[in-house]
Ligand code: G4P
C-alpha cells in the first residue's frame, strides 16, 4: 500500500470533556469495537481498583484521576484509529492543550444533565482557535437531563459554533424511547439492557409501530425535529471540516446506546491527516520524506527503567524503525531505533508508521517539547506549540543546599517535558515556576523528591499577569516585587504584574514601554 493510501486510513482524534461526563466510559466502548479489550471496566479502575492504563504515578492512583495523556490505536472498519487520551482534571489542562496540537479532530462529550461545563469551554476555545473539527456526543440520555433544544442552544451560544443534530433524542431518562437518526434516516429504538433496534423512517408509519408513534413523548419530539428541519442550520461537511459546525449525536455511553451509530458516522466523516504548517511552507501528509514533531515528553513511565519517552506525531512520509533523521533545532542526526506504539495498556515496538500516527521514541534527554524531526536534506520546523499562560507562580528552592546539582537537573528535565514553565528572577536569578493549576505543583514536588531525590520548597507569589518587553526597553530600576522582572527560557525579559491594577498603573506611568502578550490562548 502506498503512503497516500495509508494516510487516507488514519483518523487521529482526542476526546475532550469535563471530568465525569463519560470520557472513560466512551473510550472503553470504542476499544471494545476495536477488539482491544474484552470487557468494559478495564481502562480505569477508578473505584473498582482494577487495572488502569495510565496508572504510572502514585499521585494519580491516590487521586483516582488521569493526570497524563496516553495513546491508543486500533483498526476499525478499514480505518486506523488513533485516540489520544487527555486528562480530564482541570489542573492538567496544559498537557491536554498540547495534545490537541497532535490531532486532526476532537470528540467533545457533554453530560446532558449538566450541559457545558467550565473545562469544556477552555478546551473548546483551543480547538476553535486552531480550526480543529469538533464532533459532539451528548451523553447520559438514560437519565433525566436538560432539554435537547436547550443543550443545542447552549453549545451555539457559549461556544459560538453552529450545531447540526445528526440525531435527536425522543424522551430521556425513564421516558427515553430512542433516537431519531436524521442522517441515516432511521429510528434507533432504545430497548434498555437489550440491543438497540433500527426502524427505517419509511416503515415508521406503516402501522406496525403505533405504540411508538402514538406515544405523546414521540409526538412532542417530532414537533421539535420539525422545528429543527425548518429553522436549523443545513448540514455542511465543509463547515464541519473548517471547525465552524459541529455534528451533534445523542446517546448513552454506559448503556451503550447510540455509540455505534455515532462512531460509524464519525470515522466516515472525520478528517484524515491534514497538511501541517512549518516555518517555511506547508507539508502534505503524503510527502515521501518522513517528518513529525514532539508534543509531549513523559519521564519514568516505567519506574523500574527510569525511561523518558517523547511522543511524536508523524506529519508526513513513512517512519521505519532504525531510520536516520535530523533534529531540526540542532541539525544533529539521530537513529530512531527504540520506538514504541501504544495499544491500550501495552507498549509494542513499532516498525513503521505514517502521517497521523503517534509513536513513542526513547529520549536520552535530547528532545524538547515542540521539536521537529525530519528525514529529508532540507531542515524545517513545524509551527511552535502554543504556550499557555500560567495562572499561578511560585518561587522554588531546594530544602538542602547540598542538593543543588540534582535540583537543577530535575528542574531542567521537568521544564523540557513541559511539566512546568521556568522563569529566572532578574538580577537575583531566583527560580520561579509557573503552572496552570495547583495539582501541577503537587506533581512537580512529588517528582522532584521521587525521581531526583530533592525536597523542594515552594513559596507562592500568587497569580500574575505576564507581559514581555523588548530588550532595549528594559530598565531594571523600575521593577520591584509588585512588577517583577524575570527572564524566560530563551533569555527574553518579561514582567510578572501583580494584578490588573498594577499593569494599568505601569502603562500609565511608562506609556513608551511596549508590553507584549506572547500567549496564544487567554
Ligand atoms: P470521565 O472519564 O469523563 O471522568 O467519566 P467516566 O466515564 O468515568 O464516567 C463518570 C460517571 O458517569 C461514571 O459513574 C459512569 O459510569 C457514569 N456514566 C458514563 N456514561 C454514562 C451514561 O451514559 N449514563 C449514565 N447514567 N451514567 C454514565 P461513577 O458512578 O462515577 O463511576 P463508576 O463506579 O460507574 O465507574
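Cβ separations smaller than 6 Å between residues 6+ apart or across chains give the following pairs from the stretch 124-152 residues that are in the same structural domain as residue 175 (by the TED database) to residues that are assigned to a strand (DSSP E or B) and more than 16 Å from the ligand (Cβ to nearest atom): 127/134; 133/105; 134/246; 135/247; 136/246; 152/163. Among the residues of the stretch 456-468, the one identified as loosely packed, with under 14 Cβ neighbours inside 10 Å and more than 23 Å from residue 494 (Cα to Cα) is 457. Annotation: residue 387 fulfils all but one of (1) assigned to a strand (DSSP E or B); (2) under 30 Å from residue 129 (Cβ atoms); the unmet one is (1). When the stretch 83-105 is filtered for residues that are touching a strand residue (DSSP E or B) at 6+ places or on another chain (Cβ under 9 Å), within 13 Å of the ligand (Cβ to nearest atom) and at pLDDT below 70, only 88 remains. The set of residues in the stretch 244-270 that are surrounded by fewer than 19 Cβ atoms within 10 Å (Cβ to Cβ), away from the ligand (no atom under 16 Å from the Cβ) and in a loop (DSSP other than H, G, I, E, B) contains only 244.
When residue 334 is tested against (1) more than 17 Å from residue 288 (Cα to Cα); (2) in contact with a helix residue (DSSP H, G or I) (Cβ under 6 Å, 6 or more places away or on another chain), just one condition goes unmet, and that condition is (2).
Please specify each residue of the stretch 155-169 satisfying the condition of being farther than 16 Å from residue 259 by Cα and touching a residue at least 40 places away in the same chain (Cβ under 8 Å). Across the stretch 155-169, the qualifying residues are 155, 158, 159, 161, 162, 163, 164. Residue 313 meets each of the listed conditions (1) under 19 Å from the mean Cα position of the chain (by Cα); (2) in the same structural domain as residue 157 (by the TED database); (3) more than 16 Å from the ligand (Cβ to nearest atom) apart from (2).
Looking at 114, 80, just one residue is modelled with pLDDT of 90 or more, outside any helix (DSSP H, G or I) and in contact with a helix residue (DSSP H, G or I) (Cβ under 9 Å, 6 or more places away or on another chain), and that residue is 80. Given the structure, is residue 209 away from the ligand (no atom under 16 Å from the Cβ) and at pLDDT 95 or above? So residue 209 does not fit the description; no. Checking each residue in the stretch 169-184 for being surrounded by fewer than 20 Cβ atoms within 10 Å (Cβ to Cβ) and under 18 Å from residue 266 (Cβ atoms) picks out 182, 183, 184.
Within the stretch 396-407, the set of residues being surrounded by fewer than 17 Cβ atoms within 10 Å (Cβ to Cβ) and assigned to a strand (DSSP E or B) comprises just one member, 397. For the residues 108, 26, the requirement of being over 30 Å from residue 450 (Cβ atoms), within 10 Å of the ligand (Cβ to nearest atom), touching a helix residue (DSSP H, G or I) at 6+ places or on another chain (Cβ under 9 Å) and modelled with pLDDT of 90 or more singles out 26.
The values are calculated or read from the model by the stated rules, or taken from the named source; none is laboratory data. A quick note: this is a predicted structure, and the numbers were derived from the prediction, not measured. A quick note on method: Cβ atoms are made from the backbone with ideal geometry, for glycine too, and the neighbour counts reach across all protein chains shown.
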